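Accompanying notes for the structure given below.
The values are calculated or read from the model by the stated rules, or taken from the named source; none is laboratory data. For clarity, every value in this text was computed on a predicted model and none was experimentally measured. For neighbour counting, all protein chains shown are included, and Cβ atoms are generated from backbone atoms with ideal geometry for every residue, glycine included. Note: accessible area is taken over every heavy atom of the protein model, side chains too, but ligands, DNA and RNA are not part of it. Shrake-Rupley method; radii C 1.70, N 1.55, O 1.52, S 1.80 Å.
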Amino acid sequence: MSLLRQPILLLARSTKVKKLVSTMPVSSGIVTAHVPGETTTDAVRATQGLVDDGLRATLDYLGEDTTDVAQADATVAAYKDVLAELVARGLASKAEVSVKLSAIGQFLPDQGHKVALENAREICRAARNAGTTVTLDMEDHTTTDSTLTILRELRKDFPETGAVLQSMLHRTEADCRALAYEGSRVRLCKGAYMEPEDVAFQDKVEIDKSYVRCLKVLLGGQGYPMIATHDPRMIHIASSLASRFGRRAGTYEFQMLYGIRPEEQKRLAAAGETVRVYIPYGTEWYGYLMRRLAEKPQNIAFFARSLVSKK
Ligand SMILES: Cc1cc2nc3c(=O)[nH]c(=O)nc-3n(C[C@H](O)[C@H](O)[C@H](O)COP(=O)(O)OP(=O)(O)OC[C@H]3O[C@@H](n4cnc5c(N)ncnc54)[C@H](O)[C@@H]3O)c2cc1C
């Protein structure tokens, strides 16, 4: 884990920094490197480009920590809109959607759990009608129990709904065991949030070791693992474990973020692997961008130049 990761994530919480950064146009190099645009059309265009390269996609309408019912409703409408557009373009079999429960009401006072569940159900229904699936993104550790409870509820009607687990959390190996059952789609990532040491590994080596333990559980289990990482070592280990457990290509997939290691995405796909690219789009790109900057502090100089040159 980079030494700068925690300070950058801490700085990202400052309202002053948010105000300054959010005034950057989406067309700034550093934003477009990670987010293809603000509209459904931009997202679908990016999906088409990836599908043309033999890749799949999962689309994330950006937004998080919504405390307003109207905004949660607008997010649900945006997902329905993009799903309809994927169908219209014949892309629904190659693209699904990723949803953050905090964007659809999880944090609303009193009713949060109920509203998020109902909204998630609506998106799952629209995805099912479109012939595709939903994956519930995982946010910081304070939401893990609530998110997994909503997942369990949703899976009663929509068993195809995907979960996300983060290897940085101490609890995750046990969560992997609980979710490694037939038909269970589980995305394994390292975790992008700043977490305290009583719940999370802080050291990169420990997070990576946990990632490998979780890979063993998921690839050795009965579910459908979605291996979300750009880390060459983790990709290599995952491929070796897949062979060791007799997994055929198509019984698991690799996932990477839009704009990160695109050549590796295409190389894996050309080698016969299923590779899905996570495409974030929309106006609320601030939190997402800051998490990406925290992971790759080399981007900071580039970022600072974009800020200075902003109109
Ligand atoms: C599809 C997908 C979905 C995700 N969903 C979630 C989620 O729901 N919740 C959540 O908390 N997190 C999520 N994440 C983010 C994830 O948790 C990590 O924060 C992020 O992927 C960085 O970790 P890493 O495994 O790529 O490796 P890191 O430990 O960050 O990096 C390891 C190595 O990978 C390579 N690498 C990493 N980043 C880059 C880069 N930008 N350019 C070039 N090489 C690079 C480098 O060789 C680096 O040394 C998701 C990630 C992906 C790919």
* Structure fact -> With a 1.4 angstrom probe the carbon and sulfur portion of accessible area for the range 179-300, in percent, totals 53
* To do: Could you check how much of the accessible area of the range 118-163 is carbon and sulfur, as a whole percent, using a 1.4 Å probe?
  => 45
* Using only helices, what value at 222 nm comes out for the chain when you add -39,500 (n - 2.57) per DSSP H run of length 4 or more and divide by the total residues, to the nearest 500 deg cm²/dmol? -> -15000 deg cm²/dmol
* Asked: Sorted by accessible area with a 1.4 angstrom probe, largest first, how do His236, His230 fall?
  -> His236, His230
* Gln222-Thr39 pseudo-label distance in nm [points 7 Å out on the Cα-to-Cβ vector] -> 4.7
* Counting only complete DSSP H runs, which helices of the chain cover 15 Å or more along their long axis at the Cα atoms and score a mean Kyte-Doolittle of 0.0 or above? -> 69-88, 204-220, 232-244
* Which shape class, rounded, prolate or oblate, goes with the chain when its Cα gyration tensor gives a ≥ b ≥ c as root eigenvalues, a/c under 1.5 marks rounded, and past that a/b bigger than b/c marks prolate? -> rounded
* To do: For Glu118, Glu273, Glu85, give the ranking by accessible area with the largest first, probe 1.4 Å.
  => Glu118, Glu85, Glu273
* To do: Can you tell me the relative contact order of the range 43-125? Whole percent, Cα pairs under 8 Å, sequence separation 6 or more.
  => 35
* To do: Please give the solvent-accessible surface of Tyr181 in Å², to the nearest 10, using a probe radius of 1.4 Å with every protein chain present.
  => 100
* Count the DSSP beta bridges whose two residues both fall in the chain, then state the antiparallel fraction as a percent rounded to the nearest 5. => 5
* Asked: Ordering Cys189, Cys214 from largest to smallest accessible area (1.4 angstrom probe), what's the sequence?
  -> Cys189, Cys214
* Accessible area per residue, Å², the chain with all protein chains present, probe 1.4 Å -> 44
* **Relative contact order [Cα under 8 Å, 6+ residues apart], the chain, whole percent** => 25
